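All of the numbers you see were taken from the coordinates with simple rules; none came from a lab. For clarity, every value in this text was computed on a predicted model and none was experimentally measured. Glycine gets a Cβ as well: all are built from the backbone with ideal geometry, and neighbour counts include every protein chain shown.
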Amino acid sequence: MNEDLRRDIRQAEARSQYDTQCKRVLAHKVILAWIVRYTMSEFSSLSLEEIQDCIENPEISTVEVEPDIHRREKRSEKITGLTTESTLPGEGRITYDIYFSLSLPGKNECRRIYVNVEAQKKYNPGYQILSRGVYYTSRMISSQRGTEFSDSDYDKLKKVCSIWLCLNAPAEIGNAISEFSLTKHDVLPGIPDVRSAYDKISIILVALNEKKDSLNELTGMLNVLFSMTMPAETKLNILEQRYHMDLAPDLKGEVNVMCNLGDLAIDLGYEKGRAQGLKQGLEQGLEQGLQEGIEQGVRSGQDDLILSMLRNHISPEDISHMTNLPLERIQRAAKAGI
């Protein structure tokens with residue numbers, strides 16, 4: 001087999017495994033609790049520990065929309081059913097990245113909200129993500145017939161929320177969070193506003209850009225978690241020290257796997273680019289220029305890592321301790337990046 005083809009196949013497999021591993025990391029309750037607290041108003045006053053207790057496990061593995069789709073299972077520290085499917089006659093099948101339910105105790109009854117979390121590598125995948133969110137929430141609503149309500153008992157319909165984590169947002173957007181939901185608009189006033197009757201759908205877009213500064217806790221944490229420049233140990237240190245996250249051993253292990261898979265995909269891409277560059281360099285007699293280019297790329301990658309950590313308000317001294325880079329090197333990068 002052609003070596004270029006071998007490399008492309010290995011790179012595609014590495015990226016696929018990396019995407020899957022990202023979902024495994026996201027599925028931990030400690031991570032989901034952060035996302036819920038900073039995006040869903042119903043839970044903003046609760047502590048992260050209280051929100052973790054509200055997270056209930058859905059049916060595990062492949063799930064079709066049938067009456068027992070929302071059967072509860074024993075609680076664990078991780079949502080293990082990562083790939084849930086929604087099937088309706090004549091409509092085909094869609095797959096959710098992460099799908100779970102939240103229980104919010106009220107005065108008279110326990111309110112339940114169904115939540116879907118999606119991770120998008122591209123902010124502009126060729127269509128409006130919001131439109132896809134409308135489709136997903138519509139399916140989450142329609143799937144409740146025969147499970148949450150039957151016949152015409154529509155008042156038992158539960159609210160649904162689709163949260164989209166959009167990585168690599170363009171610079172003009174940077175780090176941002178927006179919610180889209182149903183509201184009442186009076187064309188001719190007079191009809192009472194019964195919000196509980198129509199507050200059933202929420203679509204939340206979370207734009208992430210590691211290179212842009214953000215004081216928001218959620219976007220800061222997620223930029224660290226999904227950073228393609230930070231080593232696993234650095235990520236874990238920041239999550240524990242800056243964001244005070246109590247990371248279980250299994251989550252630490254999965255973050256390590258995610259980082260290793262990301263490094264592998266990057267290395268394979270670097271290997272391919274280096275091979276092409278070497279061929280071109282040899283043809284043009286520019287071996288020295290190639291080496292200088294590689295060294296410059298390493299320095300540039302280190303600069304990106306330093307600036308990303310500084311944006312998360314980590315001191316130069318702590319960065320030096322975490323990365324083993326000289327303090328002078330960090331100070332130079334910080335000055336150049338300002």
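Local charge sum around ALA169 (other residues, Cβ-Cβ under 13 Å, Lys/Arg +1, Asp/Glu -1)?
With Lys, Arg at +1 and Asp, Glu at -1, the neighbours total +2.
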Residue by residue through segment 127-143, which ³J(HN,Hα) values in whole Hz follow from phi under the Karplus form 6.51 cos²θ - 1.76 cosθ + 1.60 (θ = phi - 60°), with glycine and proline marked x? 8, 6, 4, 4, 5, 5, x, 4, 5, 4, 5, 4, 5, 5, 6, 5, 5
